[in-house]
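The values are calculated or read from the model by the stated rules, or taken from the named source; none is laboratory data. Just so it is clear, the model here is predicted, and its values are computed rather than measured. When we count neighbours, we look across all protein chains shown, and the Cβ atoms used for this are built from the backbone with ideal geometry, even at glycine.
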Amino acid sequence: MSTAAPLRACALLLCLLAGSQQLSIKEFEVPSAVEVGKDAELKCQYELNAGEEEVAFFIKWWWTPQSGSSYDKKLIYQRIAGHTPETQVRHDNTSQIEIKENDSIVLLNVNPVDSGTYECEVSNIDEIRKHEKLIVYSLVVGPEINYTLVNNDAEDKEDDMLLIECQTEDIAPMPDMSITFQGEKLNVTKSIKDSDNDGFYNIHANATVSTADIDGGEIRCELWYTDLEHKRYVVIESYVAPGM
């Protein structure tokens, strides 16, 4: 029985394995969450196979805005073999980019609009890519609670209502909010706006409850980020009925 065919198959397999190991990204780092005003360092260090040369080499960083699609992907850094590394301007609100060694870049003084997906592309005939999401967040003191007793004009005060309002300004990323009274989660009307298109949101929520047979109770307002795992902000106030 001839052994030529198995030997050829083994040789082909070894060639394929060798080719697949020629280019790799040995270190890739994109912070998952960065506070507003801080710097964010992005790392992408590649490794060529022993003896491999940068024939048609380039390395690029791409950024896709958090609310964007693949069509919105923008080139923010590139280094082509034989050329000086360069950064690309995204738009006015995004942070400046500093170039460091080994194709690392630093987003300086980050803003909420810097949130999104960052991708490193390395090519030397073969190509490899890695990407991660980065969220820029702002810390807030917590929601502000206001409540107002809405009196019924009729003599029957059983129809009086308690209007509860909670609000927070300049928070990022997009927030959500709930209102609880006496341990019961209320149905709320919410407004969430990014009026200046800068990634900072203002959120306002309100709910009404009947004050019939209520002498007082605990008002709890809870605020959280929709796109970030973070401890929730909770503010509690006590309502006491007039005359109590």
Which members of segment 181-212 meet the condition of being part of a strand (DSSP E or B) and under 27 Å from the mean Cα position of the chain (by Cα)?
-> Thr189, Lys190, Ser191, Ile192, Lys193, Tyr201, Asn202, Ile203, His204, Ala205, Asn206
Could you list, in sequence order, all residues of segment 41-66 that are touching a residue at least 40 places away in the same chain (Cβ under 8 Å) and surrounded by fewer than 18 Cβ atoms within 10 Å (Cβ to Cβ)?
-> Glu41, Lys43, Gln45, Leu48, Glu52, Glu54, Val55, Ala56, Phe58
Log entry, pairs with first residue in segment 130-154 being not assigned by TED's automatic domain parsing to the domain that holds Glu47, second being charged (D, E, K, R) and at pLDDT below 90, beta carbons closer than 6 Å, six or more apart or on different chains, reads Asn151/Asp160; Asn152/Asp159; Asn152/Asp160
Among strands (runs of 3 or more DSSP E) lying entirely in segment 61-161, which contain 1 or more residues that are of a type in the set (Lys, Arg)?
-> 74-80, 126-137
In the set Asp213, Asp196, the lone residue that is loosely packed, with under 13 Cβ neighbours inside 10 Å and in contact with a helix residue (DSSP H, G or I) (Cβ under 9 Å, 6 or more places away or on another chain) is Asp213
